[in-house]
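This report refers to the structure that appears directly beneath it.
The values are calculated or read from the model by the stated rules, or taken from the named source; none is laboratory data. These figures come from a predicted structure and were not determined experimentally. Positions of Cβ are generated from backbone atoms using ideal geometry, with glycine treated the same way; all protein chains shown enter the neighbour counts.
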Amino acid sequence: MAVSNETLDTMRGYVLAHKPNANPELVRIKLNERIRAVLDRRTYWSDLGERRVISLPAAYTAGTISLTAGSKTVTGAGTSWPVSDVVNTTLAEAIRSFGIPEIKPASMTGITGESILWVDNAGDPEAVVVRELRRDSFFGMVTKLYAAGVTVTQSSLVGRQLRVRTTDPIFTIRAVRSATSLELDQPWGGESVSDLPYSIRRTYVSLGLDLRKIVAAVDSSLGLPIAMHITQTHLNTVDPKRLSSGNVVQVLSPWAPSENGAMLYEVWPQTDSVRQIPVLIKKDWPEMKTRTDRPPFFIDPQIIKDGAIADVLRIRANPKDEYFDPRLAREFEAKFESGLQGAVNADESRAMSDLQMFYGANRVTPGADFWQQHVPEVLTGELWGFYG
């Protein structure tokens, strides 16, 4: 289908024409809810695919560290940890409220939806988790008040994992205070220790806040597929201390959400060298918030509008609401269901056509040995032993 010129503004106007007394913000919410319903109707919409790359930096091991029992602070000696190589700015306006206020820095360079920022390093600092981005501001979680002009920084080590000994847990770095001071996500639970070797790696990776599903991944160094959806229980069985290491990534295992809400995946085995992992994902569609935001281009916007009209017609704005019409709402609901089923059928036909073209183009008789060497399921089953 042709790409539509519809925006949140035009779609909301269409819905309001059918129920003029509806709350415009409520209409926006209902339009977004219907987009969610459309996306949830099918596991993989063809047009939601996107290729991304997981970048694994080299392990950082310079110097030694000391830790204090019950403290989240790590003190380094000879470490030279970067402090502000990702974000280095100041607050353009003061933060005057607690909670999740809108924060305006002097520059948004380096700030993403997955940032954890170190604010006011020279005064009474704290790590501020970014919750939502705007064009020139963001919403972040703060427990303190700050004046305009205080520092806002982030190190490239934030979000990476600190490993001390194989008998200790893996910690995540929340902030780099200085070239010799880190803040961890959890307090050190063992006895106080000094001058220990350590390693900082990216053990848990994110593929973005809009990730819906990982479809496929491959280690490009040897051209081998990476096994996914391998549980933590399985990894804890085959390598409970995470001692395995090497130059080939074998597994991306679901771990847990980050503080920003992005799903994290454990890279196994751990690698000390720089790696790039190409990944194919299915992503979510961003919520429509501003007037010019657009609905999914691959879905007829009329489907979404019909669903939203059905929703608002069922809402009685007041006891004498002349636009309240459950019967008409049922008609629009039926139009929504009919249109959505047509879109699902069309996408399924497209997927089947692509599949038939693939097998048609590869319809040769190479023999069983060829498929044993080329089918990903066979490769992962033989090499890693994760399938019965």
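If you go through segment 172-191 one residue at a time, do you hit one that is without any contact (Cβ under 8 Å) to a residue 60 or more places away in the chain, assigned to a loop (DSSP other than H, G, I, E, B) and surrounded by fewer than 17 Cβ atoms within 10 Å (Cβ to Cβ)? The answer is no, given that none of the residues of segment 172-191 is without any contact (Cβ under 8 Å) to a residue 60 or more places away in the chain, assigned to a loop (DSSP other than H, G, I, E, B) and surrounded by fewer than 17 Cβ atoms within 10 Å (Cβ to Cβ). Residue count for segment 92-150 satisfying the condition of being in contact with an Asp or Glu (Cβ under 8 Å, 6 or more places away or on another chain) and of a type in the set (Gly, Ala, Ser): 4. Taking the conditions (1) in a strand (DSSP E or B); (2) within 20 Å of Thr290 (Cα to Cα) in turn, Trp118 satisfies each one other than (2). When we screen Ile103, Ile65 for residues that are surrounded by 20 or more Cβ atoms within 10 Å (Cβ to Cβ), within 27 Å of Asp293 (Cβ to Cβ), at pLDDT 95 or above and not basic (Lys, Arg), the only hit is Ile103.
Scanning segment 239-286 for residues that are part of a loop (DSSP other than H, G, I, E, B), among the polar types (S, T, N, Q) and farther than 12 Å from Gly208 by Cα turns up Ser244, Asn247, Gln250, Thr271, Ser273. When each of Leu182, Leu224, Leu133, Leu196 is tested for being more than 21 Å from the chain's Cα centre (by Cα) and under 30 Å from Glu50 (Cα atoms), the lone residue that passes is Leu224. Of all residues in segment 130-148, those being in a loop (DSSP other than H, G, I, E, B) and within 12 Å of Val119 (Cα to Cα) number 5. Going residue by residue through segment 330-345, is there one that turns out to be outside any helix (DSSP H, G or I), assigned by TED's automatic domain parsing to the domain that holds Arg34 and within 26 Å of Trp45 (Cβ to Cβ)? No, every residue in segment 330-345 fails to be outside any helix (DSSP H, G or I), assigned by TED's automatic domain parsing to the domain that holds Arg34 and within 26 Å of Trp45 (Cβ to Cβ). Among residues of segment 197-226 that are without any contact (Cβ under 8 Å) to a residue 40 or more places away in the chain, those with a beta-carbon under 7 Å from a residue that is of a type in the set (A, V, I, L, M, F, W, C) at least six positions away or on a different chain give the pairs Leu222/Val248. Where the second residue is assigned to a loop (DSSP other than H, G, I, E, B) and surrounded by fewer than 17 Cβ atoms within 10 Å (Cβ to Cβ) and the first is at pLDDT below 95 and lies in segment 1-20, which pairs have Cβ atoms under 7 Å and are six or more apart or on separate chains? If the second residue must be assigned to a loop (DSSP other than H, G, I, E, B) and surrounded by fewer than 17 Cβ atoms within 10 Å (Cβ to Cβ), the pairs left are Val3/Phe297; Ser4/Phe297. Here Ser80 does not qualify as more than 26 Å from Arg275 (Cβ to Cβ), of a type in the set (Gly, Ala, Ser) and outside the structural domain of Leu207 (by TED's automatic domain parsing).
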